[in-house]
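Trainee: A single structure is presented below for examination.
The values are calculated or read from the model by the stated rules, or taken from the named source; none is laboratory data. What you see is a predicted model; the values in this text were computed from it and never measured. As a convention, Cβ positions derive from the backbone with ideal geometry for all residues, glycine included, and neighbour counts pool all protein chains shown. Each accessible area value is taken on the protein alone, full model and side chains, heavy atoms only, with ligands, DNA and RNA left out. Shrake-Rupley method; radii C 1.70, N 1.55, O 1.52, S 1.80 Å.
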Amino acid sequence: MRHKVTLLPGEGIGTEVSRATRRILEAAGVQIDWEEIDARANGCGPSDTGQVLNQTAVESVRRNGVALKGPMATAIAGGAPSVNVALRKTLDLYANLRLVKNLPGLKSRFENVDVVIVRENTEDLYSGLEHEVVPGVVESLKIITERASTRIARFAFTHAKKEGRKKIHAIHKANIMKLSDGLFLRSIRAVAAEFPEIEYKEMIVDNACMQIVLNPQQFDVLLLPNLYGDVMSDLAAGLVGGLGVVPSGNIGDNGAIFEAVHGTAPDIAGKGLANPTALLMSSILMLDYLGERSAARRIETALETVYREAKHTTHDVGGNAGTDQFTEAVIAALPLRVS
Ligand code: NAI
């Protein structure tokens, strides 16, 4: 089946890793018509204020329902709001999905880790509602709603069921934030009752952080509000080799953007050294989302072969290959198509 997908190549190494990913998907025979667009509004840089999003890109994702995106730069403590966050908000991509799994052959701190992380993407302390009450006192509002908590819970349970996952842990701090995290938990419990085949557990966030570094294999799916999800998903990535080998998707009811979680890597941009693994793995999540399961598994197998053989891996993971050599090695390792 042919698909139309928006390609938002991004900045810095974004253009390099998205070109590599596109080459591999094409070599795997996936039939995609790419609509390549810059996500940033014309003429707006990371330090400018005002309109940051290219509306043509937003319309393209709305129309196609799916996008693959490279990283975009964001100014720190000032300047324009993040293009990444603006895209998620504008398109109401409320579920952040990350797959934290060992890549065979890549040495990391743990083995046999296979955890899905589902993070609520739209509210909590990230609502941006902050003000200075009096000089020296700032108030930041944590927003939790039954609507957002229920829909992220439904997303997590539905995804777990579809992927054959067995257990979901809701992560919270409802012992202290009794109202906000309490509402988050109550909303999830109501959805959990609709999925008796999936074991449901709850864990306080500080304990969960300790547990995941002591024994990550005990977890199957983690379901978290925005802030804990942000922190724990990077922590979990560290267990299997870091942000360079972890895919992610931001998914809503009317569309999805799959993207690498690393940044634009200005220190190596333009040098042909970038590792496309994270974006390639995100594209595998995208292929699963599009129902292209067979192509997804073939690319996964090729990627695992390249890492297992360790002859053509990139500098960031201890190898000597550049982006092009790595890409060609993955293409050469693609298993034949069974038609
Ligand atoms: P970064 O992830 O760009 O770089 C951190 C380190 O990791 C650097 O040494 C870089 O060379 C290396 N690295 C990252 N990705 C790599 C890859 N694929 N292959 C090889 N090495 C890689 O983080 P940093 O420096 O904090 O951020 C740079 C810019 O990226 C900032 O403007 C930031 O706002 C933006 N950013 C964008 C994200 C997105 O679009 N989703 C996510 C994170 C940061």
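Trainee: How about region 312-330: which of its residues are open to solvent by 60 Å² or more (accessible area, probe 1.4 Å) and modelled with pLDDT of 95 or more?
Mentor: Across region 312-330, the qualifying residues are His312, Asn320, Asp324, Gln325, Glu328.
Trainee: Right, something else. Of the residues Lys311, Lys271, which single one is within 16 Å of the ligand (Cβ to nearest atom) and of a type in the set (Lys, Arg)?
Mentor: Result of the check over Lys311, Lys271: Lys271.
Trainee: So, in region 252-264, of the ones that are over 10 Å from the mean Cα position of the chain (by Cα) and open to solvent by 30 Å² or more (accessible area, probe 1.4 Å), which residue ends up nearest to the ligand (Cβ to nearest atom)?
Mentor: Only one residue fits best here, namely Gly263.
Trainee: Right, here's the next one. Those residues that are open to solvent by less than 30 Å² (accessible area, probe 1.4 Å), within 13 Å of the ligand (Cβ to nearest atom) and in contact with a strand residue (DSSP E or B) (Cβ under 7 Å, 6 or more places away or on another chain), I need them from region 76-112; list them, please.
Mentor: Val83, Ala86, Leu87, Leu93, Asn96, Arg98
Trainee: Would you confirm whether or not region 120-130 contains a residue that is touching a strand residue (DSSP E or B) at 6+ places or on another chain (Cβ under 9 Å) and within 14 Å of the ligand (Cβ to nearest atom)?
Mentor: So far as region 120-130 goes, yes, one or more of its residues are touching a strand residue (DSSP E or B) at 6+ places or on another chain (Cβ under 9 Å) and within 14 Å of the ligand (Cβ to nearest atom).
Trainee: With the condition kept exactly as written, say whether any residue in region 276-287 is outside the structural domain of Val330 (by TED's automatic domain parsing), away from the ligand (no atom under 16 Å from the Cβ) and assigned to a helix (DSSP H, G or I).
Mentor: No, there is no match, as no residue in region 276-287 is outside the structural domain of Val330 (by TED's automatic domain parsing), away from the ligand (no atom under 16 Å from the Cβ) and assigned to a helix (DSSP H, G or I).
Trainee: If you check every pair at least six apart or on different chains, which have Cβ atoms under 6 Å apart with a residue in region 291-303 that is farther than 20 Å from His3 by Cα first and a residue that is small (Gly, Ala, Ser) second?
Mentor: Filtered contacts from region 291-303: Ala302/Ala333.
Trainee: Being among the acidic types (Asp, Glu) and part of a strand (DSSP E or B) narrows it down to one residue among Glu26, Glu35, Glu59, Glu111; which is it?
Mentor: Glu35
Trainee: Is at least one residue of region 215-231 within 16 Å of the ligand (Cβ to nearest atom), closer than 21 Å to Met286 by Cβ and either small (Gly, Ala, Ser) or open to solvent by less than 70 Å² (accessible area, probe 1.4 Å) (or both)?
Mentor: yes
Trainee: Among (1) within 16 Å of the ligand (Cβ to nearest atom); (2) open to solvent by 10 Å² or more (accessible area, probe 1.4 Å), which single condition is Gly249 missing?
Mentor: Failed condition: (2).
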